[in-house]
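The values are calculated or read from the model by the stated rules, or taken from the named source; none is laboratory data. In this text, all values refer to a predicted model and were calculated from it rather than measured experimentally. Note: ideal-geometry Cβ built from the backbone for every residue, glycine included; neighbour counts use all protein chains shown. Side chains are part of the model used for accessible areas, which takes the heavy atoms of the whole protein and leaves out ligands, DNA and RNA. Shrake-Rupley method; radii C 1.70, N 1.55, O 1.52, S 1.80 Å.
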Amino acid sequence: MNTKALVTLSLLVGVGAVLHTVVPPIIFGVKPDMLLSMMFLGILLFPTLKYVAIVAIVTGIVSALTTTAPGGQIANLIDKPITAVIFLLLYLLLKNRLNNSISAPLLTAVGTMISGAIFLSIALFIIGLMDGSFLALFGLAVLPAALLNTIIMAVVFPIVQRIIKRSQPLVST
């Protein structure tokens, strides 16, 4: 494991934790998951299974600790690893087909909707409110989160790419 990668992932999770904590709940304690955009950014920067597993597990734990949604603790612990693996597979599938500046926001929107669907399914099953509330919560919490995460990724990803490009050590020949 590369120390620089682990430090970068931990910083992203820390930023995501702050975003996840300060975003107010929209309905019934469910709030847009801004921690997801940082998890997705970590996956885009280090698209290997070992780093994806680490960032997904840590993100799930941090998200579970900061959630206000009923049943959200268990749902986050299950949702984040599943979403991370699906996001990684989609990224690897599109990596050579689309420009990263297009694929990153697109995958973030899709990944947020997948995560929201998994989260809501598990949380609503746990609290026993599956009857008709899924679509309402998906529309009121997941879709706004997908929009916000997409905007965040569209702005932050190019900046992070430039920073990483500039921080590469010069190799003399």
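Numbers at a glance
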item	result
Cα point-scatterer Debye curve for the chain, base-10 log of I(q)/I(0) at q = 0.11, 0.14 Å⁻¹	-0.43, -0.69
Gain on full stretching of the segment that runs from L77 to S133 - 0.36 nm per residue minus C-alpha separation	18.0 nm
Within the accessible area of the stretch 60-119 (1.4 Å probe), percent carbon and sulfur	74
The stretch 1-90: mean projected area of Cα convex hull, nm²	5.2
Accessible-area ranking of D33, D79, largest first, probe 1.4 Å	D33, D79
Normalised convex hull volume, the stretch 81-168, alpha-carbon set, Å³ per residue	106
Relative contact order (%) - the chain, alpha-carbon pairs under 8 angstrom, separation at least six	23
Estimated distance in nm for a label pair at V110 and T3, the labels positioned 7 Å out from Cα along Cα-to-Cβ	3.7
Most mobile listed residue (L92, L147, L45) in the chain, GNM with C-alpha springs under 10 Å	L92
Residues of the stretch 54-111: accessible area per residue with a 1.4 Å probe, Å²	46
10 Å Cβ shell holding at most 14 others, DSSP loop, trypsin sites (Lys or Arg not before Pro): longest site-free stretch of the chain	1-94
Point-to-point label distance, L147-K165, nm (Cα→Cβ direction, 7 Å offset)	3.1
Fully extended contour minus Cα-Cα distance, from I57 to V18, at 0.36 nm per residue	12.3 nm
Helix runs (DSSP H) in the chain reaching 18 Å along axis by Cα, Kyte-Doolittle at least 0.0	3-22, 49-66, 72-94, 100-127, 143-167
